[in-house]
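The values are calculated or read from the model by the stated rules, or taken from the named source; none is laboratory data. Just so you know, these numbers come straight off a predicted model, no measurement behind them. Note that each Cβ is placed from the backbone with ideal geometry, even for glycine, and that neighbours are counted across all protein chains shown.
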Amino acid sequence: MYGSLDISTSALVAQRTRLNVISANIANREVLVNAQGQYAPYQRRIALLASGDPASGRAEGVHVADIVTDDTLLFRYEPDSRFANADGYVGYPNVDPVKEMVNAMEASRSYEANIAAIEATKSMINAALEVIA
C-alpha cells in the first residue's frame, strides 16, 4: 500500500513542477529583454514527464525528465519598436495563453486525481488497521 502512496506522491511533485513551468510561460509571454536590458525574448519552457522514479530506482511513478525550451518566435509587425528587425518585425516569445491554460487545467486535474488516489489509499490503510486492531 505504501507503494501506491509513493507513486501518487511522485505524480504530485511532477504535476506541481509542470504547473510552475506553465505559470512561468504565462507570466513571461510578453518579455522581450533580459536582466541587462538586452533584446532576448523569453523562451517557452516545456516540462517533459517520464515514467519511473530515479530517486528510488523503481519503475513505478513519474518524474520530470527534463525541462526543454522552445526558442521559436512569433513575429509582430511593429516598425517603431527599438527591437524591430530590418523588415519592421519584432520577435515575441512563442507562448499561446490559451494552450498554456489548457495545459494548466490538465496538470491541475491530474494533481487532483492523485490526491484522490492518496485519500483512497489512506482509507484502505485505516480500514485494514481497524480489522487488525
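If the condition is being surrounded by 11 or more Cβ atoms within 10 Å (Cβ to Cβ), of a type in the set (D, E), at pLDDT 95 or above and under 30 Å from A117 (Cβ atoms), then region 46-100 contributes only E100.
In this entry, S110 passes the filter for residues that are surrounded by 14 or more Cβ atoms within 10 Å (Cβ to Cβ), hydroxyl-bearing (S, T, Y) and under 30 Å from D6 (Cβ atoms). If the condition is being closer than 29 Å to P54 by Cα and in contact with a helix residue (DSSP H, G or I) (Cβ under 9 Å, 6 or more places away or on another chain), then region 22-35 contributes I22, S23, N25.
From the list R18, R29, the lone residue that is under 30 Å from G3 (Cα atoms), surrounded by 14 or more Cβ atoms within 10 Å (Cβ to Cβ) and touching a residue at least 60 places away in the same chain (Cβ under 8 Å) is R18. Look at region 79-93: where a residue is in contact (Cβ under 8 Å) with a residue 40 or more places away in the chain and of a type in the set (A, V, I, L, M, F, W, C) and a partner is assigned to a loop (DSSP other than H, G, I, E, B) and buried (at least 16 other Cβ atoms within 10 Å of the Cβ), sitting 6+ places away or on another chain with Cβ atoms under 7 Å, you get F83/L32; V90/A84.
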